[in-house]
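Just below is one structure, and these are the notes that go with it.
The values are calculated or read from the model by the stated rules, or taken from the named source; none is laboratory data. Note that the structure is predicted; figures quoted are calculated from it, not measured. Virtual Cβ from ideal backbone geometry, glycine too; neighbours counted across all protein chains shown. In case anyone asks, the SASA skips ligands and DNA or RNA and just uses the protein heavy atoms, side chains included. Shrake-Rupley method; radii C 1.70, N 1.55, O 1.52, S 1.80 Å.
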Amino acid sequence: MMTPENTMAGMDELVRIAGEGGYQPGREPDNADRAAIAAQVLCQFALASGLDTSGESAETMLVDLLANLMHLSDRLETQGVACLLNVAAMHHDDEVRDPG
């Protein structure tokens, strides 16, 4: 949840979260692992797009990544990001309810 204290989280915070993951292949990741994996992906996106040195917030980086995923979805002719986000939200809700 974004609060006034963390709305400006940027690259440093992403790198910190990315390093917190302890996921090991062969076991089900927990929510901390999932967040770390996502932070690793967002760090890679930031590096590839030049956002890593822009001073942009993590929220802006997420928005840019989502927009690029929409373009990819168009190219792949998938159901569309809105539909996919609904499914992802259901997965997230299930994982938050049962983090085990």
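Rounding to the nearest 20 debye, state how big the charge dipole of the chain is about its Cα centre with +1 on each Lys and Arg Cβ and -1 on each Asp and Glu Cβ.
Numbers: 5 positive and 17 negative charges, 39 e Å.
About 180 debye.
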Under 15 Å, Cβ to Cβ, from Met90 - net charge with Lys/Arg +1 and Asp/Glu -1
-2
Over the chain, with neighbouring protein chains present, the accessible area per residue in Å² at probe 1.4 Å is 72 Å²
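Of all accessible surface on the chain at a 1.4 Å probe, what whole percent is carbon and sulfur?
Carbon-and-sulfur percentage of accessible area, whole number: 59.
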Between (1) -0.90, -1.07, -1.11; (2) -0.94, -1.27, -1.30; (3) -0.82, -1.17, -1.24, the structure-derived log10 I(q)/I(0) by the Debye sum over Cα atoms at q = 0.17, 0.21, 0.22 Å⁻¹ is (2)
